[in-house]
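Below: the structure, in C-alpha cells.
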Amino acid sequence: MDFLTPEFYCMFPIIYSEEFLDHDTGLYHPEKPARLTAIVNALQTASFAEQITWQLPTPVTSKPSLISSIEKVHTKTYINRVKEVAAAGGGYLDGDTPISPRSYDVALLAVSAWLDGIGTILNTSDPAFVLARPPGHHALNSTGMGFCLFANAAIAAFYALQQPGIRRVAILDWDVHHGNGTEAIVETHPEIAYCSLHQHPAYPGTGKASDQGSHNNVLNLPVPPGSDITVYQPLWEQKVLPFLSNFQPDLLIVSAGYDANANDYLAGVDLQPEDFGLFTEYCLSITRKILFGLEGGYDLPSLAESVIATIKPCLI
C-alpha cells in the first residue's frame, strides 16, 4: 500500500470565489483584490496543489438564514446602511473603509463562506481555509471600520455554537492589528474565548493586556514594533497555548492576518512567512477542528508565502 499515492493524500479545503474580487476598494487601497489572486496563484503552483479541494461558497440566495446569522452580531440599521450605500453606487464608512456597488453582496458571500467553513470542519474534523474578502475583525456591532464590513469570525463563532456538539469556540487572532470588533462582540459571552497577538502601539489602539473580558475569556498579548519570532514563540508557549488548552474549545477559529510579516508596510513587526507554519503547528496541538479565515496582509509575496506556510502542517 503506497501512502504517497493521491488517494491517501490528506485533502485540504479552501473556500473561495472570484466574486470576492468584486469588492472594489479603489486603485491605491491596500486591501485590494490582488491580495486574493496572489494567494490563489501561489496555491495553484504549490508543492501540495493536488491536495487542495477548491470549494465555492454557498450562494447568498440559497442560504435564507444568512441575514439572521449576521443580525446576531450587527444591528439591522448597520446592515441596511451597508446595503444602501452600495445600492447608491458606493461610498465610505470611514476614511479607510470603502463600499463599492458590489460590496454588500460580496460581504454577504464572505460571511456565507465562513459559515460554510464551519460546516466543512464539523463534517471532516479537519482544518479548512476561507479565502475571502472583505476582512472582518475590526467591524463593530453598529459600524464597519479598518477595511472591515461584517465581523466574519464573530459571526462564524455564534453560528458554530448553534451546531450539535459545539459548546465552546475559541477565536485566535494573529493579525498584527488588534481585532477590536471581534473582542467587543464576544467578550461578554463565556462560551467564546478570544486571544490576540498584536503590535502596540498600532491601529486601532485597543487590545490592552489588562482587558480580560467579562469571564476571563480574553487574552491580549501586545508586542512592540520590531518583534520577531523570538518574541512570539515564548508568548505562544507560555500564554497562548495554556489559555486555549484551559478553555478546551470544541472548535478554533483563526483570524489569519499576515501583516505581521517583516515586509508588510502597514505595521512594524518582523515575522517571516515560515513562522506562520509554526503557529499552525501550535494550533494543531489544541485541535484539528480549525477554521482559518483571511484578515490582513498587504505585501503580496509574503502574504502568499505565509498562507502556504500556514496550510502545510495541516497536510501531515
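Accessible area, 1.4 Å probe, largest first: how do 29, 198 sort?
From most accessible down to least: 29, 198.
For a 25 Å ceiling on Cα separation, which of these pairs sit above it: 32/83; 239/289; 32/63; 208/239; 63/289?
Check vs 25 Å cut-off fails for 32/63.
Please work out the average accessible area per residue across the chain, using the 1.4 Å probe convention, and give it in Å².
Ligands and nucleic acids excluded, the figure is 39 Å² per residue.
Which residue, 204, 285, 261, has the largest displacement toward the positive end of the dipole of segment 142-301 when charges sit on each Cβ (Lys, Arg +1; Asp, Glu -1)?
Positive-end residue among those listed: 285.
Using alpha-carbon pairs under 8 Å, 6+ residues apart, how would you state the relative contact order of segment 259-316 in percent?
That works out to 45 percent.
Using the crude model of +1 on Lys and Arg Cβ and -1 on Asp and Glu Cβ, and no other charge, please compute the dipole size for segment 11-119 relative to its Cα centre, in debye to 20.
For segment 11-119, the charge dipole is close to 240 debye.
Between segment 291-315 and segment 9-37, how many Å separate their Cα centres?
Segment 291-315 and segment 9-37 have Cα centres separated by 12 Å.
Determine the relative contact order of segment 198-316: mean sequence separation of Cα pairs under 8 Å and six or more apart, normalised by residue count, in whole percent.
25
About the Cα centre of the chain, what is the dipole size in debye to 20, counting +1 per Lys and Arg Cβ and -1 per Asp and Glu Cβ, all else neutral?
Approximately 840 debye in magnitude.
Within the chain, which DSSP H helices have Cα atoms that stretch 27 Å or more along the helix axis and a mean Kyte-Doolittle hydropathy of at least 0.0?
Passing helices, by number: 103-124.
Would you work out which of 10, 215, 135 lies farthest towards the positive end of the dipole of the chain? Charges go on Cβ: Lys and Arg +1, Asp and Glu -1.
With unit charges placed on the Cβ atoms, the residue in question is 215.
What does the charge dipole of segment 194-316 about its Cα centre add up to, to the nearest 20 debye, if the Cβ of each Lys and Arg holds +1 and the Cβ of each Asp and Glu holds -1?
It comes to approximately 420 debye.
Normalised by the number of residues in the chain, what is the relative contact order in percent for Cα pairs under 8 Å and 6+ residues apart?
Relative contact order, the chain: 19 percent.
Arrange the peptides 75-84, 15-24 so that the one whose residues have, on average, the most other Cβ atoms within 10 Å appears first.
15-24, 75-84
Please report the antiparallel percentage of the DSSP beta bridges confined to the chain, to the nearest 5.
Of those bridges, close to 15 percent are antiparallel.
First select every other residue whose beta carbon is under 15 angstrom from the beta carbon of residue 21; then total the charges, Lys and Arg +1, Asp and Glu -1.
Overall, the nearby charge balance is -2.
Net charge within 12 Å of residue 168 by Cβ-Cβ distance, Lys/Arg positive one each and Asp/Glu negative one each, not counting residue 168 itself?
Around residue 168, the charge tally is 0.
How far apart, in nm, are two points set 7 Å out from the Cα along the Cα-to-Cβ line at residue 211 and at residue 315?
The two pseudo-label positions are separated by 3.7 nm.
Which whole-number value in Å³ per residue fits the convex hull of the alpha carbons of the chain?
125
Between 56, 140, 131, where does the largest GNM mean-square fluctuation fall for the chain, given springs only between Cα atoms within less than 10 Å?
Greatest mean-square fluctuation among the candidates belongs to 56.
The values are calculated or read from the model by the stated rules, or taken from the named source; none is laboratory data. The structure displayed is predicted, hence computed values, not measured ones. Positions of Cβ are generated from backbone atoms using ideal geometry, with glycine treated the same way; all protein chains shown enter the neighbour counts. Just the protein is used for accessible areas: all its heavy atoms, side chains included, with ligands, DNA and RNA removed. Shrake-Rupley method; radii C 1.70, N 1.55, O 1.52, S 1.80 Å.
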